[in-house]
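Okay, so here's the structure we're looking at.
A short reminder: the numbers here are calculations on the coordinates, not readings from a lab. None of the values given here were measured: they were computed from a predicted structure. Reconstructed Cβ throughout: ideal geometry from the backbone, glycine too, with neighbour counts over all protein chains shown.
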Amino acid sequence: MIAAPQTAEFPTESTFSRSDWEALSHMWYPIALEEEITDKPLAKKLLDVNLVLARLGDDYVVAKDLCVHRGAPLTEGWIKGSCLVCPYHGYEYEADGRCTKVPSDPDWKIPPQIRLETYLHEVKYGLIWVCLSGAPINALPVWEPEADNPDYLRFTMGPELWDCSAGRAIENFIDNAHFSFVHRNTFGQESSAAQGAEYEFAESDTAMTMAFDYLAGNPDDSPIANSSELQRKMHRTLFLPFCTRTCIAYPGDREHIIHINIAPISAKQSQLIVVFTRNFDKEVPVEDLLAWERKILGEDRAMIEKQKPEEIPLAVSTEVHAKADRASIAFRRWLKKVGLGRTFTA
Ligand code: FES
Ligand SMILES: [Fe+2]
């Protein structure tokens, strides 16, 4: 059953300007891992809109977390068969949004306006993607060849809520000049600092790609053994606006692929779901692999959460830009092109 998607309205408590919110509402965002959905409704927030997610029968539903009868939060309700039940008066809603039962008035011909406000969603790569306007202008990412591939081990980090704008967060993940400094206690080396500035770059309406080499350090607590340095061949795709796929290839066809999936919760908070896939060292315990990744991403987080202003200034003249910042300049231009304001706060 395909739910007819509706269009979310600008929330009164929005932390975004109306025009920024409207531009952002036309995009797909990764809102949840499928494994987060249990037999209870799940609460999420996207662009300041409170959402309820649930699995109803064979379908997922993504809807506004509000029952139109008297405004109760559906996330405090429960699932009964293929219905989401409102906790206040027990109205029952199907995955397509229809209300099929009003327990206090069982013979009532239920008016069609009593329904869930459902939003466009799609399931891809074990994530649930949502577009609040129902008319996305961006594309879902492509994770080939590693997705659903038994040659690759998959493990995940998050969802985590970071106190930063989605723009600042994703700019960090397309920035190659920070490795040698932010990550100096993990894989960064100052002697490789210039390597992140020289990269092949290409862009389309929905993606940007960059390719470069980086000679990384490999300290003792890294899960990759046997050498003090590792030559990385890096290939990254930014799936506009807030998702990246970064393939790190080590000698011997060893690939470690990091998928950063960011959703703007509000103008100052972002949700990160990170999916890792790798075709080597698959016998290393996932906890050990994750501990190393957490250490690296913790270094990113500590810096991003302190950047000022929290929003990205879209006027190119506001911050200064070096050769390494080519991707970030292109990213800011794209945001402007799709309608975000001079100071974008997502
Ligand atoms: S508020 Fe939901 S059934 Fe009354
Ligand atoms: Fe980083």
> Can you list the lysines whose alpha carbon sits under 27 Å from that of LYS336, skipping same-chain ones fewer than 8 residues off?
Replying inline: LYS45, LYS268, LYS306, LYS308, LYS323
>> Taking 0.36 nm per residue of sequence separation and subtracting the Cα-Cα distance, how much length would be gained by fully extending the chain between ASP58 and GLN231, in nm to one decimal?
In response: 57.7 nm
> Using a basic spin-label model with each label point 7 Å from the Cα along Cα→Cβ, how many nm lie between HIS321 and VAL286?
Replying inline: 4.0
>> Please arrange ASP48, ASP65 by how many other C-beta atoms lie within 10 Å of their C-beta, fewest to most.
In response: ASP48, ASP65
> Of ALA166, PRO241, HIS69, which is farthest on the positive side of the dipole of the chain, counting Cα position, with +1 on Lys and Arg Cβ, -1 on Asp and Glu Cβ, and the Cα centre as origin?
Replying inline: HIS69
> Quick one: CYS247, CYS86, fewest Cβ neighbours within 10 Å first, how do they rank?
Replying inline: CYS247, CYS86
> Which value, in debye to the nearest 20, describes the size of the charge dipole of the range 18-131 about its Cα centre when Lys and Arg Cβ atoms bear +1, Asp and Glu Cβ atoms bear -1, and nothing else is charged?
Replying inline: 240
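How big is the charge dipole of the chain about its Cα centre, in debye rounded to the nearest 20, if each Lys and Arg gets +1 on its Cβ and each Asp and Glu gets -1 on its Cβ?
900
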>> For SER270, SER222, SER204, which order do you get if you count the other beta carbons within 10 Å of each Cβ and list the fewest first?
In response: SER204, SER222, SER270
>> Just to check I understand the Karplus step: with θ = phi - 60° and J = 6.51 cos²θ - 1.76 cosθ + 1.60, what whole-Hz values come out for the range 23-40, glycine and proline as x?
In response: 4, 5, 5, 8, 10, 6, 9, x, 9, 7, 7, 3, 5, 6, 7, 10, 8, 10
> So how much slack lies between VAL338 and ARG18, counting 0.36 nm per residue of separation and subtracting their Cα-Cα distance, in nm?
Replying inline: 113.8 nm
